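Below is one structure; the comments refer to it alone.
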Amino acid sequence: MKRIFKTMVMAILAVSIASLVGCKKENEINPIPEVNDTTESSFTLGGTSWVGVYDDTFQGYDAKLIWSLDFTSETEGEFFLELTVAGQPQGNYTVPFTYTFDGINGVMTGEMVNNVPFTYHPADSTITIEMVIGASTGGEELVPLGGMTTFYQRGTGHDPDDGGGNEDDGVVPGEITNEFPANTTWLASESITYHHESFGDIPLDLHYELIFQNDHIALMNITVEAFGTTNEPQQIRFNWTYDSNTQEGSFITKGVPLPFHYDSENDQISTEFSFDYTGGGSTSGNLTFTRSTQKAIKIVLM
């Protein structure tokens, strides 16, 4: 019983992303690598992918902002934000932009990004950007989250998914794409009964969140709910492939494919999936995912 419920102590927080701003929170100083930014550089950003993580707090709970930064060309790119509060995913948000870059300094602009400066540091091959959002649980005043964030190129060992037992799952970033199902999120749930020798039958609700990133990596966050409490999500990573002609795809980890099918008529994804949620058993059977209907929250400048 302890093993099942050891993390079932946090309530889910419905945190709304309300704004993306390019200013620092008051009284906060985040050092950036010392580098001569006037050094000439022939470095180009088109086709590169970066990741930045910022740890913060929201209403007393740990909050983590994971930014994926993709320069899809020499003039265009996009951010992909994953926010968790108290270990619970709070939604994913895509922010497109256009940019200029002189080899060291650049500026991003767009409908939701207004002249946000960034700097490339050739000494350690990082990018620093002031990334601040506003979060609210409803009608409350916006709380700023984030700050000066350091971005590292994907695949250099700084990815947040590289640790925690994922280092040998064989999942690596692939070619950047905006083709379906990239940048989409899907949800599925199932109710099961787990039989415990001492406590008898325990009803469990399993919730699945499937996120297709645009670098051909898919994340599946799995939470277990029982008696009104929910554990911290466990995450499984896959590489993904998809053929739009046949509407068939595969999740791949350690070279082993798990087929999935997209039903365009019903806008659903189905797959056979097994998940060992206690260490002593697993769910098994067909899972049907529906596209997330979470309202897209407009990101505006403050």
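So here's what we get for this one:
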| read-out | value |
| --- | --- |
| Checklist (1) modelled with pLDDT of 75 or more; (2) within 30 Å of residue 110 (Cβ to Cβ) applied to residue 270, failing item | (2) |
| The stretch 228-260, subset loosely packed, with under 13 Cβ neighbours inside 10 Å and in contact (Cβ under 8 Å) with a residue 12 or more places away in the chain, residue nearest to residue 63 (Cα to Cα) | 254 |
| Count - residues of the stretch 156-192 that are at pLDDT 80 or above and either open to solvent by less than 90 Å² (accessible area, probe 1.4 Å) or assigned to a loop (DSSP other than H, G, I, E, B) (or both) | 22 |
| Residues being under 28 Å from residue 201 (Cβ atoms) and either more than 14 Å from the chain's Cα centre (by Cα) or of a type in the set (S, T, N, Q) (or both) - total across the stretch 211-260 | 13 |
| Scan of the stretch 106-127 for residues that are open to solvent by less than 10 Å² (accessible area, probe 1.4 Å), among the β-branched types (Val, Ile, Thr) and within 20 Å of residue 43 (Cα to Cα), ordered by number | 126, 127 |
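The values are calculated or read from the model by the stated rules, or taken from the named source; none is laboratory data. Please read these numbers as outputs of a predicted model, since none were measured by experiment. Please note: Cβ atoms are built from the backbone with ideal geometry, for glycine as well, and neighbour counts cover all protein chains shown. Each accessible area value is taken on the protein alone, full model and side chains, heavy atoms only, with ligands, DNA and RNA left out. Shrake-Rupley method; radii C 1.70, N 1.55, O 1.52, S 1.80 Å.
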